[in-house]
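Below is one structure, written out as structure tokens; the observations come after it.
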Amino acid sequence: MNEYFDAWKRYAQFSGRASLKAFWVFFLVNGFISVVFVVSELAFPSTWRIEALYSVLVLLPMLSLTVRRLRDTNRSAWWLLVVLVPAIGMLILLVLLALPSEPNKDFGHYPQNNAML
């Protein structure tokens, strides 16, 4: 769970790297929170406002963590543009984010077992 809070602490840091674990913990916790909002919206229709606010707030930390994760796989942040490809762009990005870490001094220290560096 520390990875989730570390991502919030480093919400505007686009330099460096993020490990596989750090990215997926943050991604899955946000997915769980979104599911909770969707289920609560069935009982309380006005909760969509809270869900929309949370989605806006989580956008920057998720973006910075995604950029750091792409750098950890030895790719630049320009690979984010692959989501513009209709139908398969998001799937390609998820595959890239699931790849193992690659050592490269251009993008910072190699986080072998550390959550985020």
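Being assigned to a helix (DSSP H, G or I) and among the hydroxyl-bearing types (Ser, Thr, Tyr) is the filter; apply it to the stretch 13-53 and report the residue that is farthest from SER101 (Cα to Cα).
Filtering the stretch 13-53 for residues that are assigned to a helix (DSSP H, G or I) and among the hydroxyl-bearing types (Ser, Thr, Tyr), the one farthest from SER101 (Cα to Cα) comes out as SER46.
If you check VAL56 against the conditions, is it exposed (fewer than 11 other Cβ atoms within 10 Å of the Cβ), more than 27 Å from SER101 (Cβ to Cβ) and among the β-branched types (Val, Ile, Thr)?
yes
Pairs only if they're at least six apart or on different chains, beta carbon under 7 angstrom, first in the stretch 92-108 and over 11 Å from ARG75 (Cα atoms) and at pLDDT below 75, second of a type outside the set (A, V, I, L, M) and in a loop (DSSP other than H, G, I, E, B); list them, first residue then second.
GLY108/SER15; GLY108/GLY16; GLY108/ARG17
The values are calculated or read from the model by the stated rules, or taken from the named source; none is laboratory data. As the structure is a computational prediction, the values presented were derived from the model and not from experiment. As a convention, Cβ positions derive from the backbone with ideal geometry for all residues, glycine included, and neighbour counts pool all protein chains shown.
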